[in-house]
Amino acid sequence: MELIRGFHNLRDAHRGCVLTIGNFDGMHRGHVALVRQAQAVAARLRLPVTVLTFEPSPREFFQHEQAPPRVCTFRGKIAALAAAGVDRVVIARFSRALAQRSPQDFVDELLVRRLGVAAVVIGHDFNYGRQRQGNEASLRQAAVIHGFEVHVVDKVSVDGERCSSTALRAALALPDLDLAARILGRPYTVLGRVRHGLQLGRKLGMPTANIDLHRPLALRQGVYAVRVRVGGRWWDGVASLGVRPTIGLTRPLLEAHLFGNPGDLYGRELEVELRAWLRAELRFDSLDELAARMQQDADDARRILGAAA
């Protein structure tokens with residue numbers, strides 16, 4: 001999959017595509033339906049599938065810290081789009097200038113002149129342009145003028161629950177991992193690269209792989225039984241998502257302890273699959289209390305994962 005960072009990096013060779021647009025946070029069943037429809041159209045037209053997405057998201061740009069937390073990391077989103085078989089992803093930097101583009105200018109300049117769309121696949125509630133003034137009707141009018149197709153994908157539901165990022169965030173906040181998996185169509189995972197940390201886990205007898213999240217996740221902070229993929233191999237383990245209140249930190253971090261000997265993980269990409277909720281994040285009066293509870297968490301995770309095997 002080709003990743004294009006910004007409209008300024010588009011070249012003539014990128015013109016001519018079947019385009020779908022959205023944040024694609026979490027790549028749930030609704031997002032998959034958009035991609036599948038785009039792929040069907042692209043196969044008929046013999047063109048690549050291009051996804052246009054935004055960093056930061058429009059809500060993050062306007063609402064800052066009040067914006068809803070993300071379902072997945074940026075790395076996870078790109079990996080999910082690649083796994084879905086998308087040919088190209090254009091990452092547009094969302095800015096005030098982009099937000100002020102009229103619906104007509106958004107289509108004329110970006111979709112037609114820069115991307116040369118032959119077809120656009122959208123969700124039933126799609127809006128675009130300044131103050132979200134553009135909608136399906138205005139896009140169809142533009143399509144008649146410019147000669148591209150418009151395909152609309154209806155909402156996707158599972159067990160009566162609409163598959164949306166909003167519903168997914170609500171499930172993760174509980175956390176209801178079973179519901180999240182039904183909305184996603186697969187277990188919920190977090191993808192990230194291991195960085196150096198304080199090595200506190202090593203000092204407490206339980207070394208952890210630290211994944212810096214950059215932005216808060218919708219997943220409830222606490223301790224989970226997990227499975228972790230390193231390269232092509234899965235490992236059972238236990239993971240903590242939180243700010244580590246016992247040592248007074250404030251930035252969210254995902255720390256995973258893998259059972260066994262996975263080797264040196266620094267700089268490696270980890271896919272952490274959340275399997276079961278163990279407990280909320282707690283503050284302990286001493287590191288000894290924390291170490292004892294970490295060992296108990298590991299025992300609980302082994303029992304749960306062993307029973308599920």
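Distance from the Cα centroid of region 122-191 to that of region 69-104 is 13 Å (rounded to whole angstrom).
Between Glu161 and Gln141, what length comes free when the chain is fully extended (0.36 nm per residue of separation minus the Cα-Cα distance, one decimal in nm)?
Working: separation 20, 0.36 × 20 = 7.20 nm, distance 3.22 nm.
Gain on extension, Glu161 to Gln141, equals 4.0 nm.
Write down Rg/Rh for region 110-151, rounded to two decimals, with Rg from the C-alpha atoms and Rh from the Kirkwood relation over Cα pairs.
Values: Rg = 9.9 Å, Rh = 10.6 Å.
Here Rg/Rh amounts to 0.93.
Taking each DSSP H run with n ≥ 4 as -39500 (n - 2.57) and averaging over every residue of the chain yields -8500 deg cm²/dmol at 222 nm.
From the square roots a ≥ b ≥ c of the eigenvalues of the alpha-carbon gyration tensor of region 2-161, which class results: rounded (a/c under 1.5), prolate (a/b over b/c), or oblate? Taking the square roots of the gyration eigenvalues as a ≥ b ≥ c, region 2-161 is rounded. For the pair Ala83 and Arg279, a Förster radius of 51 Å applied to the C-beta separation gives a FRET efficiency near 0.95, rounded to the nearest 0.05.
What's the FRET efficiency of Ala40 with Arg268 using the Cβ-Cβ distance as r and R₀ = 41 Å, to the nearest 0.05? Present the calculation step by step, with values, prior to reporting the outcome.
Values: r = 36 Å, r/R0 = 0.89.
So, using R0 = 41 Å, E works out to roughly 0.65.
Helix 136-146 and the longest principal axis of the C-alpha atoms of the chain enclose an angle of approximately 50°.
The charge dipole of the chain, taken about the Cα centre with unit charges on the Cβ atoms of Lys, Arg (+1) and Asp, Glu (-1), comes to about 560 debye, rounded to the nearest 20.
Under the classification rounded if a/c is under 1.5, otherwise prolate if a/b is larger than b/c and oblate if not, where does region 187-308 fall, given a ≥ b ≥ c as square roots of the Cα gyration tensor eigenvalues? Show your work: numbers first, answer last.
Numbers: a/c = 1.32, a/b = 1.16, b/c = 1.14.
Rounded, because the longest to shortest axis ratio a/c is under 1.5.
Distances between placed amide hydrogens fall under 5 Å for Val71 paired with Ala218, all partners being 5 or more residues away or on another chain. The orientation-averaged projected area of the convex hull spanned by the Cα atoms of the chain comes to 17.1 nm².
Just to be sure I understand: with springs between alpha-carbon atoms less than 10 Å apart, which residue in Arg29, Arg169, Arg130 has the highest mean-square fluctuation in the Gaussian network model of the chain? Evaluated over the chain, the most mobile residue of the options is Arg130. Cβ-Cβ distance of Val243 and Arg15, R₀ of 45 Å, FRET efficiency by 1/(1 + (r/R0)^6): the value works out to about 0.45. Note that region 43-131 carries a Kirkwood radius of 14.7 Å, evaluated over its alpha carbons pair by pair. A Gaussian network model of the chain, with springs between Cα atoms under 10 Å, assigns the largest mean-square fluctuation among Ser95, Ser286, Ser57 to Ser286. Along region 261-268 the Karplus relation, 6.51 cos²θ - 1.76 cosθ + 1.60 evaluated at θ = phi - 60°, assigns HN-Hα couplings of 10, x, x, 5, 9, 4, x, 7 Hz to successive residues, with x for each Gly and Pro.
Near the amide H of Val150, within less than 5 Å, lie the amide hydrogens of Val120, all on another chain or at least 5 residues away, with H placed in the peptide plane.
Near Arg88, within a Cβ-to-Cβ distance under 12 Å, what is the net charge of the other residues, with Lys and Arg +1 and Asp and Glu -1?
After counting each charged neighbour, the total is +1.
Quick note: the coordinates plus some simple rules give every number you see, no bench work behind them. For clarity, every value in this text was computed on a predicted model and none was experimentally measured. When we count neighbours, we look across all protein chains shown, and the Cβ atoms used for this are built from the backbone with ideal geometry, even at glycine.
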